[in-house]
């Protein structure tokens, strides 16, 4: 059998293995973060967050359109598994092609073939079982398909190299540009393969010289910049300009300018292709064809325009025309990040010109038939003083926690500069980071923590799946790399002799003993020796999909989630070197050991030492089969709400899973889910006001022109002296006042311009009469005499558009629809209404009954019977009670919410002397959320207190014992460290001591004098003495 056939068979074997692995470990439903949104938007071709992924969505629609609603998520997750397995297929063929270069003019005999295919197998299997790639392979996200596009184009350019001297070989180049065009509709990461592609072309077509390589590098950067900065935005930008001219200047219908530009562009391309073909201008013809197919792939974004015009329920940013699409593609809502030159974190605004003008924002006015200006963006862009700018600014974010982190990462001292910035009454001292500190942050945080650490997770080992920031108390116990080689691990992380069971038992505690790293470095070394040109090509792929991304993203500290998925292309490149390490060793040793035995032995040994160890270590924390938590918890949120309710949420993880169950599974579509972060935008308010499925639009009295972008984006308080400061005013009256343009007055802003303002902080929502309150389920008949107006004093100096929209909704709802707030939101998202909350599950309902909050998570009252029925009978838990399924940090965060919710219900039942049901509630909670799969924390102490209060001391002991063992292990671990590793973790030690002190206080309150209490108290006192000796 010849090389070609063996190569095909080997590649498909690698595909089959990887697809089997991924298909058996996929999550059977939606996951947290963006997966719920991607699955929902794919299923019904809706419009997701900028800059969109239309190619992914259309393919997702095809694979899911014939499945039942319950299986849509499985099909789209299987699409990721399929794309990932195809990535492995092309990786196998890529490695085998590069491995042949090691053989050079030698015969492809049995030994050489074994070495070549053994290399391809080891490298492809190493990537199959790598941490980051496997993570993306088993969920409905874009990164698996993006990896496939990268693997495909990289293999395709090598395929072109093989046939470059044959007729019609340029078709491979045209194919590559088509895939790149399509990949823009998946993720822009695929563009970073362009430099490697250019160098393969250069090495094949030109004699290699230093000057030639510099030119090739420049060309690659120009091509990358052309696609990223010219093609993607400027095609749409030019179309938008034509649209404005045709509609506003020539009086043509909407979209006429865009259609005209499209016709002109297509005609010019067709003519150019025809004339260059006719005149046999091969290079020009190939270039135009490449541009044409790139454009064809890019037209996938036409789907975004089409579906946005259909006003789908999910229609983020509402990109219905080229003008809005341009903003969508530029991700303007996320703001700009300086890259080559810009401000540092301390930069004040320039007193000479504090703000610059931005580009006007247009909207289509159906009445005038023109694009009118919604916001002229005058003086809208902060202009920082040039004295506080620098080249290559890494420490640029001015947020308080970011500044603290910058200083912690760099042992900050800074330059002291006296300066009077805009708004400063006099000169003051500013701290500007030095270039040395700037570069220190770049290497320590952006290069190591946000790239090198992720690289280490994949090829050295991973400590756990707890998100780490490395500047706080969790520096040495959260999210680090760990190898399994104890002396090296202890050098970086301290004494591991008393490493807590919770950390050792974390399913993401994966140790590879440096073996993948060593084999990959050997592969790099051997490729450089035997095939230096392709070593440079692979290195360019590695560099641009790893280090260059870290430079480009310019990430600030305290990222909301780990970002390893962004760098998976560089891990793919390193997997090539892992594979080449096998044939490199074969070449080194073949003259000393029989070749066939050596090739086979190296393949087996390297397979066992690298991919097999990686598979063994990574399986348990990548196997998501049987996990339904995101879906079931989303349903529990919705089931916490009465029919036709409005539910306020805030973050991605309490919104996207809800979108999934409503849009895909059609579950509880009567509930309108309102995301408060999105409610700051005009397009989202307008969408929420429309009916969707069984859910009516939210009751908003403001008209679109009253909340359009640039109008009432924020509203300041301006106390009206005519109003009584001791009186509370009807919220509807206040909202009406704010909404009227004639109510605006000057509040002392620059230039004395008039703005709408809030005339009082004393707000009131009138209560319904008692009969109406009972009718709508706001109160029980027994509570009818407690019905009262909702009154509160607003805080802060201003409100944003989202809060104004909420005020408008509350003022005009007239208690006709139930209003709920998700329990996962912070108090700042409750707008001061928490004393009027009633908890009915995983949401607080707003009711006209006041009950002063008893503390954190104890807002208002409890709907005892309703909540009992929800928690004990209706809610499902997605497998939390199954201790064999994998729960990552995102799932475990919700476990704490479950503990608080069950405990609060049990407390309420205990206060009613319903001890039997209180015990049943706590027992259920322990089954779900206090088991070997859900680590204990201080949130279980109130459970023990309730057990004591209902005379179940033995169960209280069992609960406290779990926490006692956990905290004792951590304290012993902290105390075993030397000062270098202990001091940064003192606050963690203090937390554990605090938990033990809470246990002691609980024991003294309920079980004073028992041996159990005395033993705990003695232990705690001993630890406190040791702590005091350290802290002094």
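Observations on the structure shown:
- Test: residue in region 503-514 that is at positive phi and either in a helix (DSSP H, G or I) or in contact with a helix residue (DSSP H, G or I) (Cβ under 7 Å, 6 or more places away or on another chain) (or both): no
- Tally of residues being closer than 30 Å to residue 45 by Cα and surrounded by fewer than 20 Cβ atoms within 10 Å (Cβ to Cβ) across region 273-291: 2
- Residue match in region 151-161 (condition: in contact with a strand residue (DSSP E or B) (Cβ under 9 Å, 6 or more places away or on another chain) and part of a helix (DSSP H, G or I)): no
- Meets criteria (out of contact with any helix residue (DSSP H, G or I) (no Cβ under 7 Å at 6 or more places or on another chain), assigned to a helix (DSSP H, G or I) and over 15 Å from residue 18 (Cβ atoms)) for residue 74: yes
- Residues located in region 537-572, provided they are surrounded by 20 or more Cβ atoms within 10 Å (Cβ to Cβ) and over 27 Å from residue 475 (Cβ atoms): 537, 538, 540, 541, 542, 544, 545, 569, 572
- Within region 91-127, being under 19 Å from residue 1 (Cα atoms) and not in a helix (DSSP H, G or I) holds for 106, 107, 108, 109.
- Residue within region 423-438 that is closer than 27 Å to residue 561 by Cβ, surrounded by fewer than 17 Cβ atoms within 10 Å (Cβ to Cβ) and modelled with pLDDT of 95 or more present: no
- Check on residue 294, over 21 Å from residue 187 (Cα atoms), in the same structural domain as residue 236 (by TED's automatic domain parsing) and in a helix (DSSP H, G or I): no
- Note on region 590-676: enclosed helices (runs of 4 or more DSSP H) holding 3 or more residues that are over 22 Å from the mean Cα position of the chain (by Cα), crowded, with 18+ Cβ neighbours inside 10 Å and outside the structural domain of residue 561 (by TED's automatic domain parsing) are 629-639.
- Region 895-908, residues that are surrounded by 24 or more Cβ atoms within 10 Å (Cβ to Cβ) and either farther than 14 Å from residue 940 by Cα or in contact with a strand residue (DSSP E or B) (Cβ under 8 Å, 6 or more places away or on another chain) (or both): 901, 905
- Residues satisfying the stated conditions in region 306-335, i.e. crowded, with 18+ Cβ neighbours inside 10 Å and not in a loop (DSSP other than H, G, I, E, B): 307, 308, 315, 322, 323, 324, 325, 326, 327, 328, 329
- In summary, residue 254 fulfils each of the numbered conditions (1) touching a strand residue (DSSP E or B) at 6+ places or on another chain (Cβ under 9 Å); (2) assigned to a helix (DSSP H, G or I) with the single exception of condition (2).
- Criterion (surrounded by fewer than 19 Cβ atoms within 10 Å (Cβ to Cβ) and in contact with a strand residue (DSSP E or B) (Cβ under 6 Å, 6 or more places away or on another chain)) met by exactly one of 761, 755, 786: 761
- Qualifying residue in region 886-893 (condition: assigned to a helix (DSSP H, G or I), in contact with a strand residue (DSSP E or B) (Cβ under 9 Å, 6 or more places away or on another chain) and buried (at least 18 other Cβ atoms within 10 Å of the Cβ)): no
- Residue match in region 67-74 (condition: buried (at least 20 other Cβ atoms within 10 Å of the Cβ) and either under 17 Å from the mean Cα position of the chain (by Cα) or touching a residue at least 60 places away in the same chain (Cβ under 8 Å) (or both)): yes
The values are calculated or read from the model by the stated rules, or taken from the named source; none is laboratory data. As the structure is a prediction and not an experimental result, all values here were calculated from the model. With ideal geometry, Cβ positions are generated from the backbone for all residues, glycine too; neighbour counts draw on all protein chains shown.
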